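One structure below.
Values in this text are rule-based calculations from the coordinates and carry no lab data. Predicted model, so just to flag it, every value in this text is computed and none were measured. Methodologically, a virtual Cβ is constructed for each residue, glycine included, from the backbone with ideal geometry; neighbour enumeration extends over all protein chains shown.
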Amino acid sequence: MERSLPDDELLYFAGTEELTEKVQARFVPYFLHSQGTVLEIGCGKGVMLLMLKENGVDGYGIDLSDTAVKYCKEKGLKAIHSDLLTHLKKLNNDSLGGIFCAHVIEHLRPEEAVTFFKQAYRVLKKGSKLVIVTPNAKDLRTTERFWLDITHIRPYPEKLLYALIAREGFNNIQMLTDREPARNILERVLKTCIRWWFLGYMFVGDLIAIAER
């Protein structure tokens, strides 16, 4: 389920830990007052898990990559080798204080995505946050960049992602775009100009969905 390539392939597109931290730090506040354990689906090298731990949030991760799980455990983080649907189905109702899931849903077939949101709603406690990050179909570069990862199944555009989340009963759904990181001011200005030239369909940044159980 989700991905079945060797570990080296699974981590190939993961990027540096420094970049991941820069991009994901903005999501930590959504879990600071969680009423229970936060689950990161697709925990990779444990960047988000470490930030949660440093902020006093109890969390653990799951990943299909043995290498990723090893990375996490070497940092003193809790991680389990498992696919997301198998793991979620084992959890009790109302047992999690939050779910963070970055760059995973695009690896799911449509029927798996539907089941994922159904299970996420079941296992989250009332008031808990679900945060999803996925490539933005509105970015023209997605037509090529998305398919560079052979394990990608399909993109989930904003309207579809919203509908999948809403149909399960989640509340206060926000659909956001994340500004694509730039290495310096000059690069940011250049990207901004190109984005204007292409009517907002370039360098859009990831699509973010934030919802409350």
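Neighbours of Asn92 by Cβ distance under 13 Å: Lys/Arg scored +1, Asp/Glu scored -1, total +3. Per-residue extension of 0.36 nm, minus the Cα-Cα distance of Val28 and Ile173, leaves a gain of 50.5 nm for this segment.
Rounded to whole numbers, the Karplus 3J(HN,Hα) couplings from phi for region 51-60 are 5, 4, 4, 5, 9, x, 9, 6, x, 8 Hz, using 6.51 cos²θ - 1.76 cosθ + 1.60 with θ = phi - 60°, and x at Gly and Pro.
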